[in-house]
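Reading through the structure tokens given below for one structure.
The values are calculated or read from the model by the stated rules, or taken from the named source; none is laboratory data. Everything numeric here is computed off the predicted structure, so don't read it as measured data. Cβ placement follows ideal geometry from the backbone for every residue including glycine, while neighbour counts extend to all protein chains displayed.
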Amino acid sequence: MLPGFSYTRPETLKKAVEELKAAEDAYLHAGGTDLLGCLHDGVFPAGKVVSISALKGLQEVRKLSDGGLLIGALTTIRTLETDADIGARYPVLSQAAAEVASPQLREQGTLGGNLCQKPRCWYYRGEFDCLRKGGKECFAFNGQNQFHCILGGSACYIVHPSDTAPALLALDASLQVSGPQGERSLPLSELHVAPNDDPRREIYLEAGEIITAIKLPKPAAGLKSSYRKIRARQSWDFAVAGVALALVMDNGTVKDSRVVLSGAAPIPWRSQKAEQALQGKPLNAEAAGLAAMEAMADARPLEHNAYKVPMFKGLIKEELLKFIAD
Amino acid sequence: MPENTGEHDCSCGKGLTRRGFLSTAGATTALVAVSGRINVNVAQAAASEITSEDMAKITLDINGRQQRLLVEPRWSLLFVLRDRLGLSGTKVGCERGECGACTVLIDGRPRYACMTLAVEATGRKITTIEGLMNGEQLGQTQQAFLEEDAYQCGYCTPGQIMAAEGLLRINPDPTSEQIATGMSGNLCRCGAYPHIINAVNSAGAKKRN
């Protein structure tokens, strides 16, 4: 049985924003899979749950007049996985969606919720008063850290759990956010909080703010994209290592690229070093190998997760080379 | 006393079975355990807040029947199905969305009842393992699991069957890979997976014929 909370399901976005803003211990319920898990595990208590599941306007997927795509924040992961237009124009996103959790959770989980997930670190989810939960230290740093970060760690060493966030970053997605001050647009690259900025916060949303939609620009001519994820078990799990790639190709040469890693860092990790290694180069084994090396140039493994470094190198190289075979 | 033939162990007969007794006890509790203040119908007036001490009056569509219930906001659909309605076919496993024992269909799609608040299930069509029966006859997917011996201890079986049913309703002719993916949200501690895969194949064939 979950600890008690009050519950409201507003029928307008404005009311949802007000309800969320009104109480400090109010939490947003979209699909509910992450929230209920956190409440079940006692990660934090919720005084009030504000459900946005009645906001039908947040469920649409619509092609924009500029050729881009607007995805309502309540769109389920399953819809992203199966939508034919997304599969054709943004393969990285449908491939990432297909790798999220289990079929049951994909039916329930939403894209907005997937971006706002709490970390899966076993100390954070367990009965440890860790830094991220308001305590004094990160227990992973000197503890069981085989699934923790190798890049971007500082004070807290989680990995970001989302598969869709790296895919959307590779596509230069932006977010539409509604809040007490009205609407604003936010590049996805500015959503997630690195631990050296604040180890107790995951996202830069203000009190009462709700992500309403995710916008994708029109795919560039020559765009090739993919997502691949390595898990500790075959059926379903969070990423041990993953890579979202979006390459704009011109006659076999890389004109532009995004290389974004999952399972690597406390935030979805864009590797600009890997991108620079590919820039303007013909896509071949040498360029792919160099990009893979560069992606790991700053890696600082912990005691039990050094295996991730060669794993990422192999993964990135293999995935890049698949575009040549195409 | 009517004579107990001992041939069947289901609550349809005149004898009182263990399962029948437990379900009746559960249903009785549902009627007496209302201590909180009664709030408005969530489905109709969702915008008003239900405090943690309140009971919300909701209607759930379960196996085609409208069930009127008083629920606390924190109650999962799983808890309501089993402990308030006596539908004990849906099993309690991990209660954290990892094992699949509590799989039900919501609007025809497989979902974990443990990760769904009962108040969130209003206005949806909920199907549990009991809802797959045709009277006293097993449904096609249930029958296929029986014929293929797709279980050992049987605890995960209702969840496995509901996951299979959800998969086959969308795709009655899945490939082996699609079956593996479609069934990946359900754990079987006994490791009956090869037989489960056979049962899904067999259930698909029954549905197509």
Quick check on the stretch B:66-101: of everything there that is more than 8 Å from chain A (Cβ to nearest Cβ) and free of Cβ contacts under 8 Å to residues at least 24 places away in the same chain, which residue is farthest from the chain's Cα centre (by Cα)? B:R68
Only listed residue being over 18 Å from the mean Cα position of the chain (by Cα) and within 19 Å of A:L151 (Cα to Cα), chosen from A:A291, A:A244, A:A265, A:A325: A:A291
Right, A:R78: without any contact (Cβ under 8 Å) to a residue 60 or more places away in the chain, more than 11 Å from chain B (Cβ to nearest Cβ) and among the charged types (D, E, K, R) or not? no
Every residue in the stretch A:136-170 that is among the hydrophobic types (A, V, I, L, M, F, W, C) and buried (at least 24 other Cβ atoms within 10 Å of the Cβ), please. A:C138, A:A140, A:C149, A:I150, A:C156, A:I158, A:V159, A:A165, A:A167, A:L168, A:L169, A:A170
Report every pair of residues separated by at least 6 positions or lying on different chains whose Cβ atoms are under 7 Å apart, first residue within the stretch B:111-128 and more than 9 Å from every other protein chain (Cβ to nearest Cβ), second in a helix (DSSP H, G or I) and of a type in the set (A, V, I, L, M, F, W, C). B:A113/B:L77; B:A113/B:L78; B:A113/B:L81; B:A118/B:L77; B:A118/B:V80; B:A121/B:L77; B:T128/B:L81
Strands (runs of 3 or more DSSP E) wholly in the stretch A:1-98 with at least 1 residues that are outside the structural domain of A:E183 (by TED's automatic domain parsing) - which ones? A:6-8, A:26-29, A:48-51
Step by step: first the residues of the stretch A:11-21, then only those that are out of contact with any Ser or Thr (no Cβ under 8 Å at 6 or more places or on another chain) and surrounded by 15 or more Cβ atoms within 10 Å (Cβ to Cβ), then the one that is farthest from B:E49 (Cα to Cα). Which residue is that? A:K21
Residues in the stretch B:154-175 that are farther than 18 Å from A:R78 by Cα, in contact (Cβ under 8 Å) with a residue 40 or more places away in the chain and surrounded by fewer than 24 Cβ atoms within 10 Å (Cβ to Cβ): how many? 1
Does B:Q143 meet the test of being in contact with a strand residue (DSSP E or B) (Cβ under 6 Å, 6 or more places away or on another chain), surrounded by fewer than 23 Cβ atoms within 10 Å (Cβ to Cβ) and not aromatic (F, W, Y)? no
Would it be correct to say that B:R169 is within 11 Å of chain A (Cβ to nearest Cβ) and either touching a Gly at 6+ places or on another chain (Cβ under 6 Å) or within 24 Å of B:T59 (Cα to Cα) (or both)? no
Please count how many residues of the stretch A:44-97 are more than 30 Å from A:F323 (Cβ to Cβ) and within 17 Å of the chain's Cα centre (by Cα). 3
